[in-house]
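Reading through the structure tokens given below for one structure.
The values are calculated or read from the model by the stated rules, or taken from the named source; none is laboratory data. Remember, predicted model here, so these are calculated numbers, not experimental data. Reconstructed Cβ throughout: ideal geometry from the backbone, glycine too, with neighbour counts over all protein chains shown.
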Amino acid sequence: MAKFDPIVGRYVYVQHDGATYRTYFEENGQGIPLVCLHTAGTDGREWRHQLCDPDITKNFRVIAFDMPRHGKSIPPGDFYKEEEEYKLTSKFYSEFIMAFCRALELKKPVIMGSSMGGNICLPLALNFEDELAALIAVEACDHSPGWWIDPLHHPQIHGGEVCATSVFGLMAPQSPEEYRWETWWYYAQGGPGIFKGDLYFYSVDHDFRDLCRKISGRVPIYFITGIYDFACTPEMTQATADKVKGSECIIMQGIGHFPMSESPEVYKEYLMPVLRKIVQADRETNRPDDREHERPSGSGRAARDDGYARDRYARDERRGSASTSNEQGGVRVVEFDSSGGRTRR
Amino acid sequence: MARYTATAPLDLDWFESWARKVNDDKVLRVIGRFFDARFVIGIDDRDYLVVVREGRIKKVSEGLVTNDMGWQFALRAPAQSWSRFVQPVPPPMYNDIWAMAHPLHGKLKIEGDTKPFWQNLRALFWMLDIMRQA
């Protein structure tokens, strides 16, 4: 008997600003729509653990889509003759997310995004609050400079390897090697210039340092950041949350910038209480009848004790010639020769 | 395990121990096959020149001299930064060269011709990660 993931993938045609985008998404579960946004230069595979977690999917219809030019969502047909390099803007990104939600006819979805997907939660809260139930802004802040850099798209530098390696240190040393390198792999597979172009949004176009205060607070926003995130530090997230009405700030220990993919078990400990609050708030409002969800059975910690998550995320925490030393003009030198011999001078 | 503490003496003997482990590493033979570079690791005011050929360290020298005929790039940081970086489980903001060098943090400076730094980032980071075993 074959073993399958419960995830199902499809393409939907999203209309936006006079263009049609054939957009790939994956989903699993029933209930409140939970739309997951991938990080810069990657795709929805980052959310595979949450898409497969029955503790989440029993109350949520979890959906992860690939932005145009990412994953299985192809670029516009004329991308090859664009006269300006690709740059993601806050306007296009936020409007496309909402266009995708409308294409799927999602009613009051919850948006959960990480990194650039976290940052975009701020414009979404400001401009689309009537269409959203809640926002989970992971590794997010109002301004995250320093990442729109040329080495990430340069003909003499391997784009896949440099993009992936540049983000590797954003993950915590405590996170399982297997999942850190899986995240590295997703980054290595991005299209040329796409990671850098996304970072135009992340580091340049996204500047909510003042606009933060204009968010009404009618839509709850949960900020969740890991302590190993050096692009959006816990201090940066906290400073942002302090300015945003109706927000809550959660700092995660022992995890970094890609919690959903680098350490899904640790992330789950912090995410489940947030999801329970969202389910509770959903029950207290008049949700459409088609959203049936059961009352969560016990606490998140109890839910983890069913062994499912532990098995599902079972991991292997492996990890894991000769020289010459000499003095040249007062300088001590160690040299290594090809045969493994060693000399020290 | 004294060298795993924040006061690990990062001297030429320590570099030699690191270089031996680098040269024994079988993954670097693959990912560092085309990694040729001459770079400097600066610790406080001490410079160590590291010469790499095909992913193997050919030479480490303490101090720079005329006959070096220069180097390509330098990674310079206070001893305190390096001591944190080389811990088996480094603390946040010190677990990665780019983390330390990022404009937000400025714990380390990348100087010189940074193109070979970025070109060889994967093999270089793997090589530096081995410092945590040194």
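For the reader, a short list of remarks on this structure follows.
- Test result for A:GLN174, at pLDDT 95 or above and part of a loop (DSSP other than H, G, I, E, B): yes
- Counted residues, segment A:253-265 - those being outside any loop (DSSP other than H, G, I, E, B) and within 15 Å of the chain's Cα centre (by Cα): 5
- Qualifying residue in segment B:66-75 (condition: surrounded by fewer than 18 Cβ atoms within 10 Å (Cβ to Cβ), at the interface with chain A (Cβ under 9 Å from one of its Cβ atoms) and part of a loop (DSSP other than H, G, I, E, B)): no
Here's the yes/no breakdown for (1) farther than 28 Å from A:ALA172 by Cα; (2) at the interface with chain A (Cβ under 10 Å from one of its Cβ atoms); (3) β-branched (Val, Ile, Thr):
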residue: B:VAL40; (1), (2), (3): no, no, yes
residue: B:GLU54; (1), (2), (3): yes, yes, no
residue: B:PRO88; (1), (2), (3): no, yes, no
residue: B:MET127; (1), (2), (3): no, no, no
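- Counted residues, segment A:99-122 - those being surrounded by 20 or more Cβ atoms within 10 Å (Cβ to Cβ) and assigned to a helix (DSSP H, G or I): 8
- Looking across segment A:123-137, the residues that are over 21 Å from A:LYS196 (Cα atoms), outside any strand (DSSP E or B) and not polar (S, T, N, Q) come down to A:LEU124, A:ALA125, A:LEU126, A:PHE128, A:GLU129, A:ASP130, A:GLU131, A:LEU132, A:ALA133.
- Which listed residue is surrounded by fewer than 24 Cβ atoms within 10 Å (Cβ to Cβ) and under 19 Å from the mean Cα position of the chain (by Cα), from A:LYS268, A:LYS214, A:LYS196: A:LYS268
- Residues (within 10 Å of chain A (Cβ to nearest Cβ) and farther than 17 Å from A:PHE168 by Cβ) located in segment B:108-125: B:THR114, B:LYS115, B:PRO116
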